[in-house]
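Engineer: Supplied in C-alpha cells, the structure appears directly below.
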2 protein chains.
Amino acid sequence: MKTSEDLPLHQRLGAEFQRRIESGEWPEGEPVPSESQLCAEFGTSRGPVRQALAMLRSAGSLVGGRGKPPVARRTTPSQPFDTFLSFTQWARSIGREPGQHTLEVARRRASPEAAVRLGLAQDEPVVELVRLRLLDGVPAMLERSTFVHEVGRILFDFDPDTGSVYQELLRREVDLHHARHTIDAVAAGPRDAELLRVDAGAPLLRVRRLTTSRLGVPLEDADDRYLPAMATFTIENTIEGRTVIGRYRTEED
Amino acid sequence: MKTSEDLPLHQRLGAEFQRRIESGEWPEGEPVPSESQLCAEFGTSRGPVRQALAMLRSAGSLVGGRGKPPVARRTTPSQPFDTFLSFTQWARSIGREPGQHTLEVARRRASPEAAVRLGLAQDEPVVELVRLRLLDGVPAMLERSTFVHEVGRILFDFDPDTGSVYQELLRREVDLHHARHTIDAVAAGPRDAELLRVDAGAPLLRVRRLTTSRLGVPLEDADDRYLPAMATFTIENTIEGRTVIGRYRTEED
C-alpha cells in the first residue's frame, strides 16, 4: 500500500489539516486559515490547498463557506444521549433555531401495535403527542410519540409548543435511560405529505425509537419522519472499534 | 418515578428476561425456555409471560418464532467494523445467505462529484463497481462504489461475483481504517427500480459511505440503496454514553 511519502501533495495536506482539526490545533467552530495563509505556510500553489480543503469538506470536517471562510468541525465526539434524543437540543447544537407546532396531545387507549411495543395491555391508557418540528422556521420532521400514561401525563402540565419534551421529562426525573433508534425509509402518507409539504409517496427518512428506563421498561414509542433534504444521520466507525453517531442538517450544496 | 416493585408483573418479567439475555445466561442464538417452562419457574399464568416475551421481541432481544421458539439476541455488542462495512459478512452474521450479481467493474475518469469526495483531480482514473446484492437470493440492495485507482485496480484480479470485496482488499493489506456512513432516504430512479424490482419513485434507504485510510486519505466513495423491506439500521445509545450500531434484516412481521 501507499506510504505517506508516495501520496500526492493535496492528500498529504488533507491529512495534516485533518490532524489539526482533530487535535484542536484548529479549534472546532472557528474559521480555518485562509487559502493564501495555507499556501504561504506550506510553500505551495492554490490548487492542492483547495483540493485538500474540498476533501475535508466532503468528510464533514469543514462546514460553512460560500464566501465566508470554512469552519472546523471535529468529527470525533459522538452526539450525547440528550442531543441525539431531543430535536430542540440537536437543532441548537448545530446552530439552528428549533421550532414546533403541536398538532395533538391526547390521552387514549393504546393501539394494538403500540401496546405490544410498550409492553402494555390493549386497554391501558397512553398519551400520544404529534408535532411538526421546524428548523429555522421550515418544516423538517413529523414526530409521533406514544408515551406510557405515567410519563405522558406530565405533558398535560407542559406546553409542548414551548420546547423540548425530553428536557421537561428529565427535569421531572423520568428515567429516560436507553433509546433504540431503527432507521429506514418510508413513502409519505397523505398526512405526512400535507404537513411536510411534499407529494404523497415522496421518500421520508423514518426513525422509530423505543425509549426505555434503566430496567428496560418501555416509556416511549416514537415514529419520526424527516424530510431527507433537512436531516441525515451518520455513523462513523473505525477498525479499532470506535463508533461515533450524529444527526446533521443536510448540506445545502 | 416508578420503582421496580411498583411495576406490573409482565414488566418485571421482561426486565429479568432482558438481564438473562444480556448476561448470556440465555445464550445468544439459542432458543429461550418455552412459555410453559417460564410459567412454572415464575409461578405465573401465561398472559404476563407472553407480554414480557412480546416486549423483548419488540426491543429486538428475541428474534424468529412463528411456531418455533424465539431465539435470544444480545443487543449489547456493536457490529464490528468489517461486519458493518461488508454486506457478505453482515449477511452471514445474521444467518442469511449473501449473494451478488456484478453489473459493472469499470476503470474510468472520476466524475466531478466523486473527484471532490475522493480528493482527486477530475482527470484521475478511478474504478467503479456496481453490484446488486441479494439476501437468500432476493434483491436487497444496489451498491455503487468508486475506488481510487490504486485500490480499485485490485478488483481486476478478483471476481466480485464470488464474495466480499472488502475481505479481498483487507487480505491485500489495503488500509481500510475508517468509514463515515451518511444515512438518508431517496426515491428510486429508473435503474434502481428495475434492478430492485420496485416502482420508480419508491422510497429507498440510502447509505453513502466514505472509507478512508488511517491517515484520512479517501479510498472509496459508495452509494448503497436498500429496499426498506429488507434491511434497517439501528443506533442504540444510553444516558451513560454507550453507543451500539447495527444493521438488521427487516423483521418479517
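Just so it is clear, none of the values below were taken in a lab; they were calculated from the coordinates. Everything numeric in this text was worked out from a predicted model, so none of it was measured. In this analysis, Cβ positions are derived from the backbone assuming ideal geometry, glycine residues included, and neighbour counts consider all displayed protein chains.
Engineer: Between B:GLY95, B:GLY152, B:GLY241, where does the largest GNM mean-square fluctuation fall for chain B, given springs only between Cα atoms within less than 10 Å?
Structural biologist: Looking only at B:GLY95, B:GLY152, B:GLY241, the largest GNM fluctuation is found for B:GLY241.
Engineer: Please give the charge dipole size of the range A:4-72, origin at the Cα centre, charges +1 on K and R Cβ atoms and -1 on D and E Cβ atoms. Round to the nearest 20 debye.
Structural biologist: Computed charge dipole of the range A:4-72: roughly 340 debye.
Engineer: Excluding B:CYS39 itself, what net charge comes from residues whose Cβ is under 14 Å from its Cβ, given Lys and Arg +1 and Asp and Glu -1?
Structural biologist: In short, -1.
Engineer: Another question, then. Fewest to most neighbouring Cβ within 10 Å: what's the order for B:TYR226, B:TYR248?
Structural biologist: B:TYR248, B:TYR226
Engineer: Okay, moving on. Residues of the range B:114-156 with backbone nitrogen within less than 11 Å of a virtual label 7 Å along the Cα-to-Cβ line of B:GLU97, please, listed as ranges.
Structural biologist: Flagged as within label range: B:135-138.
Engineer: Given a Förster distance of 41 Å, report the FRET efficiency between B:LEU132 and A:THR162 from their Cβ-Cβ distance, rounded to the nearest 0.05.
Structural biologist: 0.25
Engineer: Next up: In nm, give the distance between the simple-model label positions of B:ILE154 and A:ARG107, each being 7 Å from the Cα along the Cα-to-Cβ direction.
Structural biologist: 6.2 nm
Engineer: Rounded to the nearest 0.05, what FRET efficiency do A:GLU30 and A:TYR248 have when you use their Cβ-Cβ distance and R0 = 25 Å? Intermediate results must be reported in sequence, preceding the final value.
Structural biologist: On the way: r = 19 Å, r/R0 = 0.75.
Efficiency for this residue pair is about 0.85.
Engineer: Please state the relative contact order of chain A as a whole percent: Cα pairs under 8 Å, 6+ residues apart?
Structural biologist: Computed over chain A, the figure is 14 percent.
Engineer: Quote the FRET efficiency, to the nearest 0.05, computed for B:GLU22 versus B:THR44 with a Förster distance R0 of 30 Å and r equal to the Cβ-Cβ distance.
Structural biologist: Plugging the Cβ-Cβ distance into 1/(1 + (r/R0)^6) gives 0.85.
Engineer: Identify, among A:ASN237, A:PHE156, A:PRO125, the residue whose Cα sits farthest towards the positive end of the charge dipole of the range A:81-249, taking +1 on the Cβ of Lys and Arg and -1 on the Cβ of Asp and Glu, with the dipole about the Cα centre.
Structural biologist: It is A:ASN237, whose Cα lies furthest towards the positive end.
Engineer: Can you sort B:PHE147, A:PHE17, B:PHE42 by how many other beta carbons sit within 10 Å, fewest first?
Structural biologist: Fewest-to-most ranking of B:PHE147, A:PHE17, B:PHE42: B:PHE42, A:PHE17, B:PHE147.
Engineer: Is the C-alpha gyration tensor of the range A:4-72 telling us rounded, prolate or oblate? Criteria: a/c under 1.5 is rounded; beyond that, a/b larger than b/c is prolate, otherwise oblate.
Structural biologist: In terms of gyration-tensor shape, prolate.
Engineer: If eta is 0.890 mPa s and T is 25 °C, what Stokes-Einstein diffusion coefficient results for the protein assembly as shown, Kirkwood Rh from Cα pairs, in µm²/s?
Structural biologist: 101 µm²/s
Engineer: Take the alpha-carbon centre of the range A:151-178, take the same for the range B:138-157, and report the distance between them in whole Å.
Structural biologist: For the range A:151-178 versus the range B:138-157, the Cα centre distance is 47 Å.
Engineer: Which shape class applies to the range B:73-120: rounded if a/c is under 1.5, otherwise prolate when a/b exceeds b/c and oblate if not, where a ≥ b ≥ c are the square roots of the Cα gyration tensor eigenvalues? Don't skip to the answer; put the middle values down first.
Structural biologist: Working: a/c = 5.25, a/b = 1.83, b/c = 2.87.
Here the range B:73-120 falls in the oblate category.
Engineer: With +1 on the Cβ of every Lys and Arg and -1 on the Cβ of every Asp and Glu, and nothing else charged, how large is the dipole of the range B:113-249 about its Cα centre, in debye rounded to the nearest 20?
Structural biologist: 400 debye
Engineer: Follow-up. Sticking with the crude label model, points 7 Å out along Cα→Cβ, report the distance from B:GLN37 to A:GLU194 in nm, one decimal please.
Structural biologist: It is 5.2 nm.
Engineer: Where does the protein assembly as shown land at 222 nm, in deg cm²/dmol rounded to the nearest 500, when only DSSP H runs of n ≥ 4 count, each adding -39500 (n - 2.57), divided by all residues?
Structural biologist: Details: 18 runs with 146 residues, N = 506.
Rounded to the nearest 500, the figure is -8000 deg cm²/dmol.
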